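The values are calculated or read from the model by the stated rules, or taken from the named source; none is laboratory data. These numbers were taken from a predicted model, which means no experiment stands behind them. Glycine also receives a Cβ, built like all others from the backbone with ideal geometry; neighbour counts cover every protein chain displayed. Just the protein is used for accessible areas: all its heavy atoms, side chains included, with ligands, DNA and RNA removed. Shrake-Rupley method; radii C 1.70, N 1.55, O 1.52, S 1.80 Å.
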Amino acid sequence: MRGRAAVAGIGMTALTRESGRTELELAVEASRAACADAGVEPGEVDAVLSYHLNDSAPVVQVAAALRIERLGWHNDITGGGTQAASILGEAAMLVAAGLARTVLVYRALNGRSGTRMNTVSTGPQERFTRPYGMAGPIPMFALAAQRYLHETGLTGEHLHAVVAQSRENAAANPRALRRDPLSLEDYLARPYVCSPLRTVDCCQETDGACALVVRDVRLAPAAPRIHTVVRGGGPGCSSMDRSPDVTQTFSAHLAPLLWERSGMKPGDVDVALLYDAYSWLVPRQLEDFGLAARAELGEFLLHRRHAAVNPHGGLLSEGYVHGLNNVAQAVRELRRGRGTALVTGFGGSYGSAALLVREG
C-alpha cells in the first residue's frame, strides 16, 4: 500500500473543557471541515472509520448526519491511543484494495465533560490490581515511569524539560489549551497524581473532535502520502505480570519493524509527532526510534534538542483527541515543506507508528 493513499484533508473543532455539545455534533463539524479542506463534498466519501472507547458517535450516525446516502465500507474500531497511527493503515489498505477512493476518519469525544479516561475502569483486571493501588492507567504507567527514570538516570528536571518545551511549542498555537510558560520551580510545586508523575506530566482531558480525509493518491497527488504503518506490541508496561521489562512501551517492539518495512532510518525523520500521554514517553520513544541514544538522553532533553517534537504542543499542551490531532499536525508540517513525519499511537505495550512523506 506504500504511497497509494494520501491525507488530503484535515479538520478540527475547538478544543475545550466543556463543549456543551454532543459527540455527534463535534464529529460532524470536524468531518465537514476535513472534507472542505480536501475539496470534496461529504457525499463523495465512500468509507468511514473511527475509533472509540464507548464514548463517541457511531459512524453510521455521522454518515447520516453528513448525508452520505450510499455508505460503503465502515467500521467503529474499539480502541484508544493505539489506533492513532494505525487507523491510517486501515484507510490506506481500503484504498490500495480498491474498496474506497475517499475515506473519512474521525475521533470525537467529550473527554473532560463526559466520559473521563482517568476515572473509568479499564477492564476486569482492575479487580485484581485495585487492592495494590493500580486503579486505572496513571498508576500503572507511573510504576513503569519510576523504573524507567531509575534505569536511565533521568529526574524530575528532565521531565520538566519535556513539559516546558511542550508549552513553548504550544505558545503560538491558538488551538492549544495550555500555553503558559512553566518554570522548573512551578513544575516541582505541582502535586503528584502518582509518583513520579505530577499533574502536568499527564495529558489533558479534552472535549473536541478531529477528522482526516484519506484519498487515492491519484485524486490528491500533492497531499502528504501514507508511506508505512505498523501496529503491534508485546510484554511490557501494560502486561507487567508477564514482562521481563516493565518499562517497555510499544515503541520498543515496533521501531525495528518500522525501519525494516519502510526502508528508512531515523535520520530521515524531519518532524516527530510522538504520543505524549505522559511526559516520560517522549524520551522513551526518542530512544526506541533511534532519535536519541540512551546515554545522551539527559543532555538531549536539558539542551532542548527535542524542540522539534510535537511542534503544536502535543497532547500535553494542545489537547487530547486520542492522538488524532497529532496526525493532523503531521499533515500541517508536511504541507509547510518538511519531508518525512513520524507519528505514533500509544497504548502501553501495544501501539502503532506511521511515516508520512511529502514528495516533490
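For every residue, the table says whether it meets (1) open to solvent by less than 10 Å² (accessible area, probe 1.4 Å); (2) modelled with pLDDT of 95 or more; (3) closer than 25 Å to His158 by Cα.
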| site | (1), (2), (3) |
| --- | --- |
| Leu302 | no, yes, yes |
| Ser317 | yes, yes, yes |
| Leu324 | yes, yes, no |
| Gly345 | yes, yes, yes |
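Applying the criterion of being acidic (Asp, Glu) and outside any helix (DSSP H, G or I) to the residues of segment 257-276, the residue that is least open to solvent (accessible area, probe 1.4 Å) is Asp276. Checking each residue in segment 29-47 for being of a type outside the set (D, E, K, R), assigned to a helix (DSSP H, G or I) and either surrounded by fewer than 17 Cβ atoms within 10 Å (Cβ to Cβ) or touching a Pro at 6+ places or on another chain (Cβ under 9 Å) (or both) picks out Ser31, Cys35, Ala36, Gly43. Among the criteria (1) small (Gly, Ala, Ser); (2) more than 19 Å from Gly348 (Cβ to Cβ); (3) open to solvent by less than 50 Å² (accessible area, probe 1.4 Å), the one Ser243 does not fulfil is (2). Could you say whether any residue in segment 225-248 is of a type in the set (A, V, I, L, M, F, W, C) and part of a helix (DSSP H, G or I)? Yes, that holds for at least one residue.
Which of the residues that make up segment 48-73 are polar (S, T, N, Q) and open to solvent by 50 Å² or more (accessible area, probe 1.4 Å)? Those that are polar (S, T, N, Q) and open to solvent by 50 Å² or more (accessible area, probe 1.4 Å): Asn54, Gln61. Return yes when Leu273 is out of contact with any helix residue (DSSP H, G or I) (no Cβ under 6 Å at 6 or more places or on another chain) and either among the aliphatic types (A, V, I, L, M) or at pLDDT 95 or above (or both) and no when it is not. No, not satisfied.
I'm trying to understand the selection: among the residues of segment 1-23, which are of a type in the set (A, V, I, L, M, F, W, C), surrounded by fewer than 20 Cβ atoms within 10 Å (Cβ to Cβ) and over 12 Å from Cys210 (Cα atoms)? Met1, the sole residue that qualifies.
Filtering segment 116-126 for residues that are assigned to a helix (DSSP H, G or I) and at pLDDT below 95 leaves a non-empty set. A Cβ distance below 7 Å, combined with a sequence gap of six or more or placement on separate chains, defines the contacts here; from segment 342-358, residues that are closer than 29 Å to Ala222 by Cα and in a loop (DSSP other than H, G, I, E, B) reach residues that are open to solvent by less than 10 Å² (accessible area, probe 1.4 Å) and modelled with pLDDT of 95 or more in the pairs Arg358/Pro224; Arg358/Leu334.
In the set Gly298, Gly313, Gly337, only one residue is open to solvent by 10 Å² or more (accessible area, probe 1.4 Å) and touching a Gly at 6+ places or on another chain (Cβ under 9 Å); that residue is Gly298.
Of the residues screened, Asp46 is not one that is acidic (Asp, Glu) and under 25 Å from Ser349 (Cβ atoms). Flag: Asp76 matches the condition of being acidic (Asp, Glu), assigned to a strand (DSSP E or B) and either buried (at least 24 other Cβ atoms within 10 Å of the Cβ) or in contact (Cβ under 8 Å) with a residue 24 or more places away in the chain (or both). I'd like the full set of residues that are open to solvent by 20 Å² or more (accessible area, probe 1.4 Å) and in contact with a His (Cβ under 7 Å, 6 or more places away or on another chain), limited to segment 161-186. Those that are open to solvent by 20 Å² or more (accessible area, probe 1.4 Å) and in contact with a His (Cβ under 7 Å, 6 or more places away or on another chain): Asn169, Leu184. Only one of the numbered conditions (1) more than 22 Å from Asp201 (Cβ to Cβ); (2) in a helix (DSSP H, G or I) is violated by Pro283, and that is (1). The selection criterion, being under 26 Å from Arg147 (Cα atoms) and assigned to a loop (DSSP other than H, G, I, E, B), holds for Gly290.
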